1. List, shortest first and in nm to one decimal, how far the label point of A:ASN182 (7 Å from Cα along Cα→Cβ) is from its counterparts in the other copies.
2. Report, largest value first, the span of the C-alpha coordinates of the protein assembly as shown along each principal axis, in whole Å.
3. For chain A, find the longest principal axis of its Cα atoms and tell me its angle to the long axis of helix A:189-212, 0 to 90°, nearest 10.
4. Put the label 7 Å from Cα along Cα→Cβ for A:SER120; what are its distances to the other copies, in nanometres, shortest first?
5. If one computes P(r) from the Cα atoms of the stretch A:44-141, what percent of pairs lie at distances over 22 Å?
6. Quick one: Debye curve from the C-alpha atoms of the stretch B:7-84, no solvent, what's log10 I(q)/I(0) at q = 0.23, 0.25, 0.26 Å⁻¹?
7. Within the stretch A:31-54, find all residues whose amide N lies under 18 Å from a label point positioned 7 Å from the Cα of A:ALA75 along Cα-to-beta-carbon.
8. For chain B, take the longest principal axis of its alpha carbons; what is the angle in degrees between that and the long axis of helix B:16-31, to the nearest 10 within 0 to 90?
There are 2 protein chains.
Amino acid sequence: MPLFRLDASIRTEGSVSRAIADIVEGTWRHDNPEAKVITRHVGLEPLPATAWAESVVADRTHEEAMTTSQKAAVALAATLTEELLESDAYLFAVPLYNFGVSQHFKAWVDLVLTDPRMASRAGQALKDRPAVLVVVRGGAYGPGTPREGWDHAVGWMRRILEDVWGLDLRVVESEFTLVGVNPALDEFKDLAAQMRAEAERLAAEHGRHLVGALTH
Amino acid sequence: MPLFRLDASIRTEGSVSRAIADIVEGTWRHDNPEAKVITRHVGLEPLPATAWAESVVADRTHEEAMTTSQKAAVALAATLTEELLESDAYLFAVPLYNFGVSQHFKAWVDLVLTDPRMASRAGQALKDRPAVLVVVRGGAYGPGTPREGWDHAVGWMRRILEDVWGLDLRVVESEFTLVGVNPALDEFKDLAAQMRAEAERLAAEHGRHLVGALTH
C-alpha cells in the first residue's frame, strides 16, 4: 500500500524538512521499491484559501442548493481524505513558521476534517497506522534557550495526528537550520552540525517504523 | 486615530466572536463617535494562499527581477502593515478552529511579518499600544475538563501580539458557544449562559482599555 507524504515547506530548493523527510522515505523505499508514494506539496501548491469555509457551509446545505465552488470544496476534501485512507504509512514534513503552525498545513487539516470520514466525531480514522512527523526549526528552542516555549506548532500537530486521527507517530525534530544561512548564528556551527547528524540518524530509524507497517 | 479590527470567523451570521467584539468596539465607539475603524475580515475574505510565500521569495529578489504576483504580495503586505501602523488601538476576534489557530489569521500574521517594518528583527513595532483579543471556543477547555490543554491557539496568538509586536493585550475568552447548537451539550445551558454573560462584561471592560489609548 502507498506511503502518503505531505511537504509544507515554501522553499523550492534548500528545504531541510524535505531533505530529512527524503531520508525517512528512502528507508521506507528500500524495502518497498515498487510501492506508490502519494504526495501533497501544500507549501508550494497551497489549497485555495476559501476551500475550508466552503466545505463547512456545504456540510449544512442540501446538495441541490450547493454552489459550484461549495461542491468543488467538498470534492477536494474527499480527494484529500481518500489519499489518506488508501495509504498505510504517513510522512509529514512541516517546518515551524513564525513560531507557529504552517498556515498551509493547517488549511489542509481543516479541509480534511470537513470530510465525515475524517471528522473527530468519526473516531480515530487512521488508528494505529504508523507515521513520521519531521519538524524543522530555524533556531534553537530547547530548555534554557531564549526561545524555550516558542514552538507553538508541534503540540497542535501531535494533537491532530495522534489524538484526533490516532496515528502511531514518531517525531524527528531538526533545529538550528538557519546556522550557515544567518551569519549571526555562526558560533553555533558545530552544534548545528551535530543536531543535523542526529536528526538524520533518527530519520533513518523512524523510516523503519514505517516499513514495519507492511509486515504486520 | 483609527481602531484596527480583524475578524477571523468564517460564519456569515451567528458568529459569537463577532458579537463579543462588537461589544468591545461599542465601548470604544461611545467615546470616539467620529473615529475610523479599519476592518479586515480574514475569515470571510481570506488573503490569497500564495501571498505569503510570494512575499518571502520577493524579499530575496531584486526588484527588477520580481514577478507581477511577487510585487502584488509585497504590496499587500505593505497595505496590511499600514493598516496596523496608522491605528492606535487594536481588536482581534479569532475563534479556535480544530483546536488550533485560524488558518486565515495565521496567513495574515505570516504575510504581515514579511514587511520589514513588522518583522521581528525590527523590534516591537506596536509597542505598548492597547489591544483586545476575543477568543471563542465551541466547547469548554478549562482545568478538569476532558479538553483541558487542547487550545493550541491562544498561546501562539499572545506570542505574536505581545512578544513579537509588543501590544498591551487584554484577552476575552468565551467558551461553550456550541451549547444551544449541539444538543449533546444541552445540560450545560446554565453554565454556558453564565460564561457568555461574563465574557460580555469583560468585553465592555476591555473596550475601556482601548479608549484609554486616546487619552495618553
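The values are calculated or read from the model by the stated rules, or taken from the named source; none is laboratory data. This structure is a prediction, so every number in the text was calculated from the model and none was measured. Note that each Cβ is placed from the backbone with ideal geometry, even for glycine, and that neighbours are counted across all protein chains shown. For accessibility, only protein heavy atoms count, side chains too; no ligands or nucleic acids. Shrake-Rupley method; radii C 1.70, N 1.55, O 1.52, S 1.80 Å.
1. Here the equivalent label points are 3.9 nm apart from this one.
2. Computed over the Cα atoms, the extents are 69, 54, 44 Å.
3. Between the helix axis and the principal axis of chain A, the angle is about 40 degrees.
4. Copy-to-copy label distances at A:SER120, shortest first: 2.7 nm.
5. Result for the distance tail: 37 percent.
6. -1.05, -1.14, -1.18
7. A:47-54
8. That works out to roughly 80 degrees.
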